[in-house]
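Worksheet: the structure to be examined is printed underneath.
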Amino acid sequence: MSATEPLLEVRGLKKHFLVRKGLFGEKGAVKAVDGVSFSVMPQESFAVVGESGCGKTTLGRLILALEKPTEGEVFFEGKNIYDIRRSELRSLRRDIQVIFQDPFSSLNPRMTVEQIITEPFIIHGVYKDQAERKNRIKELLDCCGISQNHLSRHPHEFSGGQRQRVGIARALALNPKLIIADEPVSALDVSIQAQILNLLKDLQKEFRLTYIFISHDFSVVRHLCNRIAVMYLGKIVELAGSEALFNDPQHPYTEALLSAVPVPDPDIEKRRKRVLLSGDVPSPLNPPSGCHFHPRCRYALESCKTLPPALTEAKPAHWAACPVLPFKEKHSLAALIEQ
């Protein structure tokens with residue numbers, strides 16, 4: 001595949017879950033993912049960031065074809081994954097793997113490390129020779145920082161960080177092209193998080209991997225990702241390169257999220273101006289009309305209540321779904337610090 005062609009393309013993806021509500025059980029729909037489009041280039045690290053309930057994990061499941069979309073398409077290497085035969089989908093799963101959020105519940109407690117990493121080989125019929133398979137498992141453990149002496153251990157005998165390393169080794173077993181990492185460090189101690197993030201970065205260089213990193217933590221994705229998409233109530237509200245988004249956010253929601261990221265310098269932290277959002281996140285079962293963010297936005301105009309904004313290019317390669325651009329005041333990270 002050409003490096004100038006996207007490895008993955010998501011076009012107008014929607015996932016609406018039908019639910020019953022009210023006294024008489026009338027039907028409604030939770031719009032978990034509501035018209036999402038983006039592309040990911042080979043060997044890129046792409047992040048999807050947002051609050052809990054914004055649709056990040058559902059988006060990941062749609063890309064993995066674990067959920068069927070209400071509408072839209074996902075193309076992997078030019079093929080629509082929803083149109084291919086079951087046998088082709090099985091082959092596709094070798095190229096798209098996942099690292100789960102909870103390293104304990106994602107590993108079978110009754111299986112040893114060797115059995116956990118061997119399972120993908122058995123399912124997909126690779127490394128049938130036992131000696132070759134054993135060598136491959138040892139290589140994967142070495143890459144992920146797990147001792148070969150731990151092959152016969154069970155998940156409960158490891159720490160959280162070690163369990164996540166086993167999960168990463170399992171994801172690498174079939175030499176995938178794309179790995180979807182769903183909050184892979186959120187369940188770990190802060191000191192261990194840095195180790196796992198550095199490991200993922202090193203593995204990307206070694207195996208020429210492409211990542212889709214799902215997270216709610218901006219400080220985590222800044223360390224790892226080239227581009228960031230910010231989601232709010234099922235929609236992408238901003239999409240830009242990592243440095244551009246951090247230094248010059250073009251959506252009020254991104255501005256508020258960035259103002260909540262702690263700064264390690266206590267003097268700067270004391271002088272920072274916080275952008276506090278009013279109210280709670282609206283229910284995805286009954287989102288606000290127009291711009292979903294307008295009830296909490298300090299820049300909202302009357303038109304924001306009725307006209308849903310389109311994702312438009314506010315600056316070169318910097319997309320935002322906000323009709324109030326430019327903001328009424330400078331909103332870079334530097335401007336969030338009182339002089």
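The values are calculated or read from the model by the stated rules, or taken from the named source; none is laboratory data. All of these numbers come straight from a predicted model, not from anything done at the bench. We place every Cβ from the backbone using ideal geometry, glycine too, and count neighbours over all the protein chains shown.
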query: For Gly279, all conditions in the list (1) within 25 Å of the chain's Cα centre (by Cα); (2) among the small types (Gly, Ala, Ser); (3) at positive phi hold save one; what is the number of the exception?
result: (1)
query: Does Arg61 satisfy the criteria of being free of Cβ contacts under 8 Å to residues at least 12 places away in the same chain, within 30 Å of Asp280 (Cα to Cα) and either surrounded by fewer than 18 Cβ atoms within 10 Å (Cβ to Cβ) or under 13 Å from the mean Cα position of the chain (by Cα) (or both)?
result: yes
Any hit, the stretch 225-235, residues being hydroxyl-bearing (Ser, Thr, Tyr) and under 20 Å from His16 (Cα atoms): yes
query: If you scan the stretch 314-325, which residues turn out to be on the phi < 0 side of the Ramachandran plot and surrounded by fewer than 12 Cβ atoms within 10 Å (Cβ to Cβ)?
result: Pro316
query: All but one of (1) among the charged types (D, E, K, R); (2) in contact (Cβ under 8 Å) with a residue 40 or more places away in the chain; (3) surrounded by fewer than 21 Cβ atoms within 10 Å (Cβ to Cβ) hold for Lys27; which doesn't?
result: (2)
message: Just to be sure I understand, how many residues within the stretch 296-314 are over 26 Å from the mean Cα position of the chain (by Cα) and over 12 Å from His251 (Cα atoms)?
response: 7
task: Among the residues of the stretch 127-148, write down those that are modelled with pLDDT of 90 or more, more than 28 Å from Ala194 (Cβ to Cβ) and polar (S, T, N, Q).
output: Asn135
statement: By residue number, the members of the stretch 274-286 that are out of contact with any strand residue (DSSP E or B) (no Cβ under 7 Å at 6 or more places or on another chain) and not hydrophobic (A, V, I, L, M, F, W, C) are Arg274, Ser278, Gly279, Asp280, Pro282, Ser283, Asn286
message: For Arg110, only one of the following conditions fails: (1) closer than 30 Å to Gly55 by Cα; (2) touching a residue at least 40 places away in the same chain (Cβ under 8 Å). What is its number?
response: (1)
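Residue by residue, here is whether (1) charged (D, E, K, R); (2) crowded, with 20+ Cβ neighbours inside 10 Å; (3) within 22 Å of Val185 (Cα to Cα); (4) out of contact with any helix residue (DSSP H, G or I) (no Cβ under 8 Å at 6 or more places or on another chain) holds:
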site: Gln130; (1), (2), (3), (4): no, no, no, yes
site: Arg133; (1), (2), (3), (4): yes, no, no, no
site: Ser147; (1), (2), (3), (4): no, no, yes, no
site: Arg165; (1), (2), (3), (4): yes, yes, yes, no
message: Just to be sure I understand, how many residues within the stretch 14-39 are farther than 26 Å from Leu311 by Cβ, of a type in the set (Asp, Glu) and at pLDDT 75 or above?
response: 0
- prompt: Before we move on, is His318 under 22 Å from Val221 (Cα atoms), in contact with a helix residue (DSSP H, G or I) (Cβ under 9 Å, 6 or more places away or on another chain) and at pLDDT 90 or above?
  reply: yes
- line: Reported set for the stretch 139-185 where residues are more than 17 Å from the chain's Cα centre (by Cα), within 28 Å of Glu77 (Cβ to Cβ) and of a type in the set (Asp, Glu) is Glu139
- prompt: Taking Glu77, is it loosely packed, with under 15 Cβ neighbours inside 10 Å and either more than 20 Å from the chain's Cα centre (by Cα) or touching a residue at least 12 places away in the same chain (Cβ under 8 Å) (or both)?
  reply: no
